[in-house]
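Undergrad: Quick one: this structure, given as structure tokens, is what I'll be asking you about.
Only the coordinates and a few stated rules stand behind these numbers; no lab work does. Because the structure is a prediction, the values reported are computed rather than measured. Positions of Cβ are generated from backbone atoms using ideal geometry, with glycine treated the same way; all protein chains shown enter the neighbour counts.
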Amino acid sequence: MKTLVITGAARQKGHTNQMVKLFLDTLGGDYDIIDAYRVENVAPCKDCRYCWHKKGCSIKDGMQEIYDKLEAADNIVLASPMYFHSITGKMKALIDRFQVYWAGHVRNDMPEKPVRKGAILMVGGAPSFPNQFLGGELVLKNLLNDLSAEFLGEVCLPNSDHDSLETRPDIAQEVKELAEKMKAANKAE
């Protein structure tokens, strides 16, 4: 079982990456982590529409390696803190380069059913409020869909300016349960 994690967390030892670590420790298997803040040699999408006609990108850069890792993955985990009601800008810029997969709708070569499993982890500094994670959820769920990943669930940690996985063992338990769900879904295939 191979998992690709894409994280948009600026702080390497922050709450988002702590959630990722707990998830991966519970899930097991091989994994690659793509850190949007530290990835090198990846240009932004230029909307050239090359991918509308060919399954590939006209920009030949570090994203090619990320595409290869995605193709090899059984699971996709997307993790981001909320910056002004959505995922971080660095993560969004990286996600835009997955336009190649969305364009499968235009090329008519999207898989008929999901070919991998997907999960979302999000962190918000503010105290919990309605729709706190909605902006990130919309972007990340749609990305999983375009990457032909079956959405298995999400875990959100609100109030991270004051709380953590240590002070919120209920959230830590949700992370573990989502990882176990992903593990079971892979074994069922």
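Undergrad: For region 13-31, which positions are closer than 22 Å to Gly89 by Cβ, in contact (Cβ under 8 Å) with a residue 24 or more places away in the chain and of a type outside the set (Ser, Thr, Tyr)? Full working, then the answer.
TA: Of the residues in region 13-31, the ones closer than 22 Å to Gly89 by Cβ are 13-20.
Subset that is in contact (Cβ under 8 Å) with a residue 24 or more places away in the chain: 14-20.
Matches in region 13-31: Gly14, His15, Asn17, Gln18, Met19, Val20.
Undergrad: Among the residues of region 63-90, which ones are among the small types (Gly, Ala, Ser), surrounded by fewer than 16 Cβ atoms within 10 Å (Cβ to Cβ) and within 21 Å of Ala103 (Cα to Cα)?
TA: Of everything in region 63-90, just one residue is among the small types (Gly, Ala, Ser), surrounded by fewer than 16 Cβ atoms within 10 Å (Cβ to Cβ) and within 21 Å of Ala103 (Cα to Cα), namely Ala72.
Undergrad: Of everything in region 77-102, what is of a type in the set (Phe, Trp, Tyr), assigned to a loop (DSSP other than H, G, I, E, B) and closer than 16 Å to Asp146 by Cβ? Give them in sequence order. Give the derivation first.
TA: From region 77-102, those of a type in the set (Phe, Trp, Tyr) are 83-84, 98, 101-102; that's our starting set.
Next cut, assigned to a loop (DSSP other than H, G, I, E, B) only: 84, 98.
Scanning region 77-102 gives a single hit, Phe98.
Undergrad: Considering (1) in contact with a Leu (Cβ under 7 Å, 6 or more places away or on another chain); (2) under 22 Å from Asn142 (Cβ atoms), say which one Gln18 fails and leave the rest.
TA: All conditions pass for Gln18, except number (2).
Undergrad: Considering only residues of region 110-169 that are charged (D, E, K, R) and within 22 Å of Thr3 (Cβ to Cβ), which is surrounded by the most Cβ atoms within 10 Å (Cβ to Cβ)?
TA: So the residue we want is Lys117.
Undergrad: Only one of these conditions is not met by Ser58: (1) in contact with a strand residue (DSSP E or B) (Cβ under 7 Å, 6 or more places away or on another chain); (2) without any contact (Cβ under 8 Å) to a residue 24 or more places away in the chain. Which number is it?
TA: (1)
Residue-by-condition table, conditions (1) touching a helix residue (DSSP H, G or I) at 6+ places or on another chain (Cβ under 7 Å); (2) surrounded by 13 or more Cβ atoms within 10 Å (Cβ to Cβ); (3) assigned to a helix (DSSP H, G or I); (4) of a type outside the set (D, E, K, R):
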residue: Phe23; (1), (2), (3), (4): yes, yes, yes, yes
residue: Tyr37; (1), (2), (3), (4): yes, yes, no, yes
residue: Pro44; (1), (2), (3), (4): yes, no, no, yes
residue: Cys57; (1), (2), (3), (4): yes, yes, no, yes
